[in-house]
Amino acid sequence: MELSNKKDERKFTRASKSLAVEYHEDKKHGELIRTFMMDISVGGGCLITYCGYKPGQVLVVRISIPVNPEEWVDVRGRVVESLRKSNYKYSTRMEFVDLNHNQKNLIQEFVKRVHFVKELKK
């Protein structure tokens, strides 16, 4: 088995912290599906879904961010990949599209707080 020396080449700092979310497919305004996000950054995140999605599909996601728990952040995410983790769960990576200034600020503030707390625990 070969070990990779490849660095994490993400453009944005991410927070590996579970967040409550609801989502639906962009063109289907059906019932919101409740699940959680495993990590998040200003660039995107990883969502647990109950079916696989094709790269390029757009999901509309409502994220509860603890910086302001009463306020949900509504974002659109383009699927990068959807990997089966079990018979009923998929790890779906997505990049956010068209974030406005407010959305970016809330996500950035959350990521900063997660990293600040992590540093305090060291």
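Rounded to the nearest 0.05, what FRET efficiency do Val117 and Asn87 give with R0 = 41 Å and r taken as the Cβ-Cβ distance? Could you check?
0.75
So between Cys51 and Glu70, what do we pick up on full extension, going 0.36 nm a residue minus the alpha carbon distance?
4.0 nm
Would you mind working out the magnitude of the charge dipole of the chain relative to its Cα centre, with +1 at each Lys and Arg C-beta and -1 at each Asp and Glu C-beta, to the nearest 20 Debye?
420
Round to the nearest 0.05 the FRET efficiency obtained for Val80 and Gln108 when R0 = 35 Å and r is the Cβ-Cβ distance.
With R0 = 35 Å, the Cβ-Cβ based efficiency is 0.95.
Please list 71-84, 97-110 highest first by mean number of surrounding beta-carbon atoms within 10 Å per residue.
Most protected by this proxy first, the peptides run 71-84, 97-110.
Bear in mind that the values in this text are calculations on the coordinates, not laboratory data. For clarity, every value in this text was computed on a predicted model and none was experimentally measured. Note that each Cβ is placed from the backbone with ideal geometry, even for glycine, and that neighbours are counted across all protein chains shown.
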